[in-house]
Amino acid sequence: MKKIILTVTLIAGTIALFAQSEKYKSTMKEKIAVLDTTRDVASLKDLSAAFERIGDAEKTQWLPYYYAALAQLNAGNFIYVSNVSNPSELKNLDALADKAEQMITKAEALNKDNSEIYAAKKMIASLRMMVDPMNRYMTYGEQAQQALETARKLNPENPRIYLLEGQDKFFTPEQYGGSKTEAKKLFEEALRKYQSFKPASELDPNWGRSTVQYFLSQIKS
Amino acid sequence: MRKIALLTALIFLLKTAAAQTIISGIVKDNKIPINGATIAIKDSYDGATTDSTGKFSFKTTEKGNQILVISAIGYKTFEQKLDLNGTSQQMTIVLKEEINEMRAVVITAGAFEASDRKRTTVLNSIDIVTTASANADITGAIKTLPGSQQVGEQEGLFVRGGTAAETKIFIDGTLVNNFFYTSEPNIATRGRFSPFIFKGTVFSAGGYSALYGQALSSALILESIDLPDQSSANLGVSFIGGSAGFQKLAKKKNASWGVSYGYTNVYLAFKILETKPDYFKIPEYHTGDANFRIKTSKTGFLKYYGYFSHNKVGIRTTSIDTLGYKDAFQLKNLNMYHNLSWKENLGAKWKFNAGVSYTNNKDDINGSNQDINNTDVILSGLEYKNFLLDANGNYFNAKGVFERRFRGLSAVRFGTEFNYSDDKGEYTLYNGQKYPISINEKLYSGFAETDIYLTNDVAAKLGVRTEHSQTLDKFNVAPRISLAYKVGREGQASVAYGIFYQNPEKKYLPSPNELNFAKATHYIAQYQKVTSQITFRTEIFYKKYQDLLKTAGTNNNQQIAASNSGHGYAQGFEVFWRDRKTIKNFDYWISYSYLDTKRDFLNYPSEIQPNYATKHTANLVMKKFVSGLKTQFNANYVFATGRPYYNIRYDDINKKYAIYDQGTTVPYNSLSFSVNYLPNVFKQGASKFSVFVFSITNVLASKQVYGYTYSYNGLRKEPIVPPTKTFIYLGAFFSFGVDRTQDVINSNL
C-alpha cells in the first residue's frame with residue numbers, strides 16, 4: 001500500500017508540475033496571439049493586467065512582464081493615432097508609459113542585458129515624448145536614442161531595432177531630420193532581419209513583421 | 001497496477017473538476033469609483049481590472065485561503081483575505097490615497113518658480129535670456145512678471161510698493177551683498193552674474209520662507225547649475241566686448257571645473273547712439289569667474305563659484321543748480337565674490353545643506369562740479385557736491401539647514417544663519433576734511449519650518465524665524481504661515497501670512513539715535529490654474545509697514561537715520577496668463593499689476609505715494625520660433641501709468657520737511673525686439689553650436705521719464721531719462737564640444 005501511495009503521489013506531483021508549466025505555456029501562447037491582433041484600448045489594458053498577474057504568480061519569468069509592458073505601449077500607440085488632432089487627450093499617455101515602465105523594470109530584474117527589453121524601453125521613452133514633443137524632445141528623445149543603441153549593441157540581429165528606427169525616420173518631419181527614403185532603407189533591412197531571426201522560444205518576442213510590410217506599402221518608392 | 005491507474009485518474013479528475021468561484025465588486029476612493037484598478041489573487045493568474053464605474057467580476061479555480069490584492073496608481077495597495085469554496089463573493093473595496101509629488105498641491109502663494117524641473121515652472125533659464133527687453137539680465141526678465149515696478153533709473157527690484165533695498169537676492173541659500181554693479185546717480189546698473197550659471201530661479205513677491213530674512217518686500221532665490229553634461233569651450237563676441245571660457249567634466253563624470261573671462265566696453269555703442277550724459281570715461285568692465293563642482297559621495301555634492309570684476313565709469317551732466325557748470329561723477333570698483341555650498345544626506349532620513357559666501361567690494365567714488373573747460377571747481381553754496389569716497393566692504397554669510405523627510409512629502413527643517421558685514425571707508429570733503437566710516441554688523445538668525453501634506457489636496461507650510469542684530473542690540477521673532485489646497489482638477493488656491501523684519505539701510509548709518517528693525521506684515525491670497533495649454537495666476541495682497549526708517553538731513557546734504565517712526569501700507573492685485581500651445585511655435589505671456597501704496601519714511605513729510613510706485617503696470621511678452629529660418633523672434637511691450645515726483649525740502653521756519661512741488665510723469669511705454677538666429681540648431685551631433693543675437697530696446701524711441709530732479713532751491717526741474725533713448729545690441733555666441741541643439745529646441749519650440 002505504501003508503495004502505491006508513494007507512486008501515486010509522485011505521478012500526481014509530476015502531473016501537477018507538468019500541468020503547471022503547460023498552463024504557463026498555453027496561457028502565454030493564447031494571450032500573445034490576442035496581443036498581436038487586439039486594437040481595442042480597454043482590451044489591451046485588461047490584457048496587460050492579465051500578463052502582470054501571470055508574472056506575479058510565476059515570479060521567475062521575464063516574458064509576462066515584457067508583454068504586459070508591450071500591451072500598454074500598443075494601447076498608447078492606438079490612443080495617439082486616434083487623437084493626434086486632439087492634443088489634450090494625449091496627457092493620458094503618461095499613465096500608460098508609467099505602467100509600461102513599471103513592468104519593464106520587473107522584466108529587466110529577471111533578465112538583464114536583453115535587447116528586446118531595451119527596445120521596449122525605447123518605445124516607452126518615445127511614448128512619453130509623444131505627449132508633448134515640443135517640450136519633451138530634449139529629455140525623452142535623448143533617452144529613446146540611448147535605449148535603442150543599447151538594444152543594438154546587445155543583439156544587432158534584432159529586427160525590431162530597425163523597425164523602430166524606421167518608424168522614427170518615417171514620422172519625424174523633414175526639417176527636424178526625418179526622411180522617407182532613409183525610413184525605406186531601414187524597413188527593408190528590418191525585413192531581411194525578420195527573415196533570418198530565430199526567437200529563443202515560441203514565447204519570445206517575434207512581432208512586427210506585418211507592421212514593417214504595412215510601412216513599406218505606404219512609402220511609394 | 002489498475003488500482004494505481006484508477007487512483008491517478010481520480011486525482012487528475014479531482015484537479016480538473018475544481019469548482020469555480022465568481023468574485024465581483026466595486027473599488028472606490030471614498031466616494032468616487034476607481035477606473036483601471038487591478039485585482040489579482042496572489043500567486044494566481046486569475047484577476048481582472050475595474051471598468052469606468054469601478055466594477056469588476058471574474059471567475060477563479062483557486063480554492064481555500066487566498067489573498068486578493070487590489071492596486072491602482074496613486075493609491076496604497078490593499079490586500080483582502082478570502083476563503084474560496086465555490087460560493088460567489090461580492091465586495092466593496094475602498095483604497096487610501098498615496099501622497100505623490102506629481103499630484104500633490106504645491107504651496108505657491110507669493111512665489112514664481114522658474115526652474116526646469118518643477119511643475120510650477122513659469123520661466124526657464126533660456127526664457128530669461130530670450131526676453132527681448134531684459135538684455136540677458138536676470139532682474140530684467142523678472143520685471144516682466146507681475147509684482148515688479150518698472151523703475152528704470154535705479155537697479156534692483158521694486159516689488160509691491162517696496163524699495164530695491166527691500167528685496168534681497170540669494171545664491172545657493174546665502175545672501176549676495178553686491179548683486180548689482182555700484183550705481184551712478186539716476187542710471188540703473190545691471191546684475192553682475194550671467195543667467196547661464198543658474199538652473200533655478202524662485203521669485204517670491206511676498207510671503208517667502210522662514211529660511212530667508214532681512215527683506216521687507218521679496219526674495220529672489222537663485223540656484224547655480226550642477227555638473228555640465230559635457231566638457232565645452234565658449235566664445236562670445238559683440239560690438240561691446242567679448243568673453244571666453246571653458247568647462248571641463250572629469251572622465252568619471254563626478255567632478256567639473258571651469259573658468260571664464262569677459263571684457264565689455266560700450267565705446268562703439270555710445271558712438272552710434274547719442275547719450276544724454278557726457279561719458280568722459282566710457283563704461284568698461286573686466287569680469288572673470290571660476291567654478292568647480294564635485295560629487296563628494298553618492299549623495300553629497302560640493303559647489304564653488306568665484307567671481308571678480310573691475311569696472312570704471314565717468315559721467316558729466318549739465319548742472320541744474322547753477323548755469324554754465326556741470327556735475328561730474330566718476331567711479332572705479334573692484335569686487336570679489338566667493339560662494340561655497342555643500343549638500344549631503346545624513347542617514348536615510350536626514351539631509352544637510354550648508355553654504356558660505358564672502359564678498360570684498362572696493363569703491364573709489366569722486367563727485368565734483370566742473371566748469372565749461374571740465375575743470376573741477378568749488379561753487380559757493382554747493383560745496384558738498386565735491387567729495388571723495390573710498391569704501392572697502394567685507395561681507396561674510398553662512399547658513400546651515402537640516403531637513404528630515406517624513407512619509408509622503410512632509411518635512412521638517414531647521415537651521416541657523418550668520419551675516420557679517422564690515423564697511424570701512426573715508427569720506428573726504430571739499431575742504432580736505434576726512435571723515436572715517438566704520439559700520440560693523442553681526443546678525444545671528446535661527447529658523448524652523450515644517451511642510452505638512454495631509455493629502456494630495458491640502459498642504460501647509462509653518463515657519464518661524466528669529467534674528468538678533470548686534471548694531472541694533474535687538475532681536476525679533478517672525479512667524480510665516482502658508483496653506484495650499486486643490487480647487488478642481490487643475491487649479492489650486494494658496495494663502496500666506498508672514499512678518500518680515502529688516503535692518504536700517506547702511507547708507508543712513510551710523511545714527512546718533514537708538515534704532516529698531518523695520519517691520520512688514522504680509523497677507524496674500526492666490527489662485528492658479530495650470531493646464532497643458534495655459535498657465536493662469538491671480539494674486540491679491542495687503543502689506544502693512546511699521547517702524548519704517550525716518551531720516552534727518554546733515555550739513556553735507558546727506559540723510560542719516562533718525563528714528564523708526566515711519567509707517568505705510570501697500571495693497572493690490574496681479575494677474576498672469578501664459579499660453580504656449582494655442583498658436584503653433586508661439587509663446588506669449590501677459591502680466592498686469594495694480595498697486596495702491598502710501599508710506600511715510602525717510603524724509604517724507606507724511607504718508608504719500610512713493611516716487612517709485614505707480615498704480616498700473618502691464619507687460620506683454622511674445623516669442624515665436626520660425627523653424628524654416630532657424631530663428632526666434634522675441635518682442636516685449638511694457639506699459640505703466642505715470643509715477644509721482646516730489647520736491648521735498650527742509651522748511652527752516654517750521655523745522656520740518658515739506659513738499660514744495662509735485663506732479664506725475666507721463667505714462668511709460670517701451671517696445672523692444674530681439675532676434676536669435678541659430679544656424680546649427682537641427683544638425684544633431686554638431687560639435688559647434690552658435691547663436692547670433694540682435695536686439696533693440698525702446699524701438700519706437702518713446703519718451704520715457706522716470707521722475708524729476710530739482711535744483712537746490714526748487715526753482716528748476718529736469719526730467720530723469722534713460723542715458724540713451726534706444727539701445728542696440730549685436731553679438732554672437734559659440735559653444736564647442738557640446739551639442740546645445742536639445743537645449744534650444746526644448747526652450748524655443
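If only one of B:Ile67, B:Ile23 is at pLDDT 90 or above, exposed (fewer than 14 other Cβ atoms within 10 Å of the Cβ) and either closer than 17 Å to A:Asp46 by Cα or within 13 Å of chain A (Cβ to nearest Cβ) (or both), which one is it?
Matching residue, one of B:Ile67, B:Ile23: B:Ile67.
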Only one of (1) closer than 20 Å to B:Ile73 by Cβ; (2) more than 9 Å from every other protein chain (Cβ to nearest Cβ); (3) without any contact (Cβ under 8 Å) to a residue 24 or more places away in the chain is not met by A:Leu96, so which one is it? (3)
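Could you say whether any residue in region B:580-588 is away from chain A (no Cβ under 14 Å), part of a strand (DSSP E or B) and in contact (Cβ under 8 Å) with a residue 12 or more places away in the chain?
Taking every residue of region B:580-588 in turn, at least one turns out to be away from chain A (no Cβ under 14 Å), part of a strand (DSSP E or B) and in contact (Cβ under 8 Å) with a residue 12 or more places away in the chain.
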When residues of region A:31-57 are filtered for being within 11 Å of chain B (Cβ to nearest Cβ) and closer than 18 Å to A:Glu202 by Cα, how many remain? 4
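Do we have B:Tyr604 as part of a strand (DSSP E or B), among the hydroxyl-bearing types (Ser, Thr, Tyr) and touching a residue at least 12 places away in the same chain (Cβ under 8 Å) here?
Criteria not met by B:Tyr604.
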Yes/no for A:Gln195 being within 11 Å of chain B (Cβ to nearest Cβ) and over 24 Å from A:Asn83 (Cα atoms): no
Taking region B:156-191, which residues are of a type in the set (D, E, K, R), buried (at least 21 other Cβ atoms within 10 Å of the Cβ) and either on the phi > 0 side of the Ramachandran plot or in a loop (DSSP other than H, G, I, E, B) (or both)? B:Arg160, B:Asp172
Within region B:464-482, identify whether any single residue is among the basic types (Lys, Arg), in the same structural domain as B:Ile452 (by TED's automatic domain parsing) and free of Cβ contacts under 8 Å to residues at least 24 places away in the same chain, and answer yes or no. no
Considering only residues of region B:611-629 that are touching a Gly at 6+ places or on another chain (Cβ under 7 Å) and not β-branched (Val, Ile, Thr), which is farthest from B:Gly663 (Cα to Cα)? B:Ala613
Candidate set from region B:706-734 (those that are part of a loop (DSSP other than H, G, I, E, B) and among the aliphatic types (A, V, I, L, M)); member that is surrounded by the most Cβ atoms within 10 Å (Cβ to Cβ): B:Val721
Search region B:628-646 for residues that are within 14 Å of chain A (Cβ to nearest Cβ) and pair each with any residue that is among the hydroxyl-bearing types (Ser, Thr, Tyr) when their beta-carbon atoms are under 7 Å apart and the residues are at least 6 apart or on different chains. B:Lys630/B:Tyr677; B:Thr631/B:Tyr677; B:Gln632/B:Thr130
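Among the residues of region B:573-595, are any on the phi > 0 side of the Ramachandran plot and of a type in the set (A, V, I, L, M, F, W, C)?
no
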Could you list all residues from region A:10-26 that are modelled with pLDDT of 90 or more and either touching a Pro at 6+ places or on another chain (Cβ under 8 Å) or surrounded by fewer than 17 Cβ atoms within 10 Å (Cβ to Cβ) (or both)? A:Lys25, A:Ser26
From the list B:Ile728, B:Ile720, B:Ile696, which one is at pLDDT 90 or above, farther than 21 Å from B:Tyr645 by Cβ, of a type in the set (A, V, I, L, M, F, W, C) and in contact with a strand residue (DSSP E or B) (Cβ under 9 Å, 6 or more places away or on another chain)? B:Ile696
Selected residue (only one of A:Asp94, A:Asp56, A:Asp46 is at pLDDT below 90 and either of a type outside the set (A, V, I, L, M, F, W, C) or part of a helix (DSSP H, G or I) (or both)): A:Asp94
Does region B:475-491 contain any residue that is buried (at least 17 other Cβ atoms within 10 Å of the Cβ), in a loop (DSSP other than H, G, I, E, B) and away from chain A (no Cβ under 14 Å)? no
Selection from region A:141-188 of residues that are more than 30 Å from B:Gly628 (Cβ to Cβ) and of a type in the set (A, V, I, L, M, F, W, C): A:Ala147, A:Ala151, A:Leu154, A:Ile161, A:Leu163
Condition (residue is facing chain B (nearest Cβ under 10 Å) and either within 27 Å of A:Asn111 (Cα to Cα) or at pLDDT 90 or above (or both)) applied to region A:68-79: is it met by at least one residue? no
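The values are calculated or read from the model by the stated rules, or taken from the named source; none is laboratory data. No experiment lies behind these values; they were computed from the predicted model shown. Because the Cβ atoms are built from the backbone with ideal geometry, glycine has one as well, and the counts that use them run over all protein chains shown.
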